[in-house]
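Contents: one structure, followed by commentary.
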Amino acid sequence: MSAPLTIRPAQTTDAEVWLALWRGYCAALDGAVSDAITTGVWQRILARDEPIWCLLACRANGDAVGFANYVLHPHTWSLRPVCYLEDLFIAPEERGNGVGKVLIEALVSLAREHDWRRVYWHTHEDNYRARTLYDRLVARTDYVRYDIDI
């Protein structure tokens, strides 16, 4: 890792740095997310009554180099909430420096601290670089996901 990292919740003053990372994330996935949706997601992250949060990974100089957007939701097999790591993005120049690992570990620490049931995520089958990290952290499940777009 090139320099120490601080993992912290996103704050109102992080709008510009989050937006830059968000746009990089959407571009990396060839996703077109409207400004209205982007603004709405950011507002949800900041709203205390929404179940969406964001952790930022920041270097000592304050530069944000990655984020983990996550959603807490109820679970029918437990009374404890589960955490869906919906978006994990690391700035391209920071990949391979351990930022993704530190973000996931910070989220797992939050889960333990707050007694969540689990943290889970999914990725593209061909996302080999990320899967190399994920496979070092936890065993892959055998679940297959299906989507019906509405």
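The values are calculated or read from the model by the stated rules, or taken from the named source; none is laboratory data. The model shown is predicted, which means the values in this text are computed figures rather than measured ones. Here the Cβ positions follow ideal geometry from the backbone for every residue, glycine too, while neighbour counts run over all protein chains shown. Quick note on the areas: whole protein, heavy atoms, side chains included, nothing else; ligands and nucleic acids left out. Shrake-Rupley method; radii C 1.70, N 1.55, O 1.52, S 1.80 Å.
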Only bridges whose two residues both fall in the stretch 45-121 count here: according to DSSP, what percent of them are antiparallel, nearest 5? 90 percent
The answer for residue 65, listing residues at least 5 apart or on another chain whose modeled amide H is closer than 5 Å to its amide H, is 57, 58, 59
Which far-off residues, 5 or more places away or on another chain, put their amide H under 5 Å from the one on residue 80, with H placed in the peptide plane? none
Within the set of other residues whose C-beta is less than 12 Å from the C-beta of residue 120, count the net charge using Lys and Arg as +1 and Asp and Glu as -1. +3
Could you tell me which label, among [x] 10, 39, 39, 12, 0; [y] 11, 41, 36, 11, 1, 0; [z] 13, 47, 34, 6, 1, carries the value of P(r) over Cα pairs in 10 Å bins from 0, in percent calculated for this structure? [x]
In terms of the Cα gyration tensor, with a ≥ b ≥ c the square roots of its eigenvalues, is the stretch 1-56 rounded because a/c is under 1.5, prolate because a/b exceeds b/c, or oblate? oblate
Note down the relative contact order for the chain as a percent, whole number, built from C-alpha pairs under 8 angstrom at least six residues apart. 21 percent
Only Lys, Arg (+1) and Asp, Glu (-1) charged, at Cβ; the stretch 25-107 dipole about Cα centre in debye: 280 debye
Quick one: what are the phi-derived ³J(HN,Hα) couplings along the stretch 94-99, Karplus 6.51/-1.76/1.60 with θ = phi - 60°, whole Hz, x for glycine and proline? 9, 5, x, 9, x, 5
Identify the trypsin sites (Lys or Arg not before Pro) of the stretch 27-102 meeting these criteria: DSSP loop state and at most 10 other C-beta atoms within 10 Å of the C-beta. 48
Could you work out the pair-distance distribution P(r) of the stretch 36-109 from its alpha-carbon pairs, with 5 angstrom bin width and percents rounded to whole numbers? 3, 15, 22, 23, 18, 12, 5, 2, 0
So if I place +1 on the C-beta of Lys and Arg and -1 on the C-beta of Asp and Glu, and nothing else carries charge, what would the dipole magnitude of the chain be about its Cα centre? I want it in debye, nearest 20. 520 debye
Could you give each residue of the stretch 33-46 its phi-based ³J(HN,Hα) in whole Hz, using Karplus coefficients 6.51, -1.76, 1.60 with θ = phi - 60°, and x for Gly or Pro? 10, 5, 4, 5, 5, 4, 4, x, 4, 4, 5, 5, 4, 7
Charge dipole of the chain built from unit charges on the beta carbon (Lys, Arg +1; Asp, Glu -1), centred at mean Cα; most positive-end Cα among 53, 40, 83 is 83
What residues qualify as long-range amide H neighbours of residue 87, i.e. H under 5 Å apart, gap of 5 or more or another chain, H built at 1.01 Å from N? 69
Ignoring ligands, DNA and RNA, how do 143, 84 rank by accessible area with a 1.4 Å probe, largest first? 143, 84
Work from the charge dipole of the chain (Cβ charges, +1 for Lys and Arg, -1 for Asp and Glu, about the Cα centre) and give the residue of 27, 139, 127 farthest towards its positive end. 139
